[in-house]
Amino acid sequence: MTARALFLRHHEEDRPGLVGEAFEARGYELGVVMMDASSPTPSVEGYDVLVILGSKHAVYDEAIEAAWFGRELDVIAQADLLDVPIFGICFGAQALCLHHGGVVERSNEPEVGWFDVVAHNGSGIGPGPWFEFHFDHCTLPADAELWATSPKAVQAFAVGKNVGVQFHPEIDDAQLADWFASGDDNGARSLGVDPAQLLVETARETPAARVRTAELVNLFLAHVGR
C-alpha cells in the first residue's frame with residue numbers, strides 16, 4: 001500500500017516544494033489541503049504523515065485561533081491520537097510547540113535569509129544553510145528534545161514522534177518569488193533585506209538545498225520508524 005502524506009497549507013502561494021519532492025522520492029503520495037477560515041477541517045485518517053507548512057500569521061493571535069487555528073490544533077490532537085507523526089515547518093513547528101505546552105512569542109531578533117544552524121543531542125540535523133523567514137520564536141515544552149539552534153532561536157526539536165523546524169526546507173526560488181509576489185517582500189524589506197538579492201541567493205542555494213532537504217526528510221522518517 002502506498003504511504004500518504006497530508007500537507008496543510010495556509011496560503012494559496014504555499015506548496016510542499018522541496019519537502020514534497022523528498023517525500024515523493026521516498027514513495028509517498030501527497031495530499032495538499034488548505035487550512036484557513038473558509039476551509040473545512042481536514043482529517044488525518046488514512047494518512048501516514050502530517051506536514052504543517054508556514055503561515056504569515058502568529059499562533060498566539062486570538063483572532064486567528066477563533067477563525068481557524070483552534071481547528072488546526074484539533075487536527076494535531078487527532079494526529080497524536082491516531083499515531084500519525086507530524087513534521088511542522090515554521091508556523092507548523094510553533095503550532096507543535098504550543099500544542100505540547102511550550103510558548104511562542106514575538107522575537108526581538110527575527111531571521112530572514114539563509115542561515116547556518118548548530119545541531120544538538122546527536123540529532124543529525126545538517127548545518128545548512130537553511131532558509132529562514134520568521135518573526136516569532138519558540139520556548140520548548142519540558143518534554144521536547146532540542147535538535148538545533150541558531151544564535152537567535154530554536155531551529156529544530158522533537159516531541160515524541162513529532163518534529164518541528166523553524167526554518168523552511170521546502171523553499172526554492174520559484175516559491176520564494178510567489179511569496180514576494182503576494183506581498184511577503186515587505187517583511188524582508190523591514191529587516192533591510194533586498195528581496196531581489198535574496199531571490200538570486202535562493203536560486204543559487206536551491207540545488208544544494210534540495211539535497212539537504214532530502215536528508216532532513218530521511219532523518220524525520222527514520223525518527224518515526226518509517
Amide H within-cut-off set for N162, under 5 Å, with H built and near neighbours excluded: I86
The range 145-205 and the range 34-74 have their Cα centres apart by a whole-number Å value of 20
For W114, list long-range residues whose amide hydrogen, built 1.01 Å from N in the peptide plane, is under 5 Å from its own amide hydrogen. E132
Value of relative contact order over the range 44-127, rounded to a whole percent, pairs C-alpha under 8 Å and six or more apart: 31
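From Cα pairs below 8 angstrom and at least 6 apart in sequence, can you work out the relative contact order of the range 103-226, rounded to a whole percent? Don't jump to the answer; show the numbers that get you there.
Working: 177 pairs, mean separation 27.8, N = 124.
Contact order relative to length: 22 percent.
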Most mobile of D173, D36, D61 in a GNM of the chain (Cα contacts under 10 Å): D61
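Determine the relative contact order of the chain: mean sequence separation of Cα pairs under 8 Å and six or more apart, normalised by residue count, in whole percent.
On the way: 433 pairs, mean separation 44.4, N = 226.
20 percent.
Since every read-out is calculated from the coordinates, none of them should be taken as a lab result. Given the structure is predicted, the values throughout are model-derived calculations rather than measurements.
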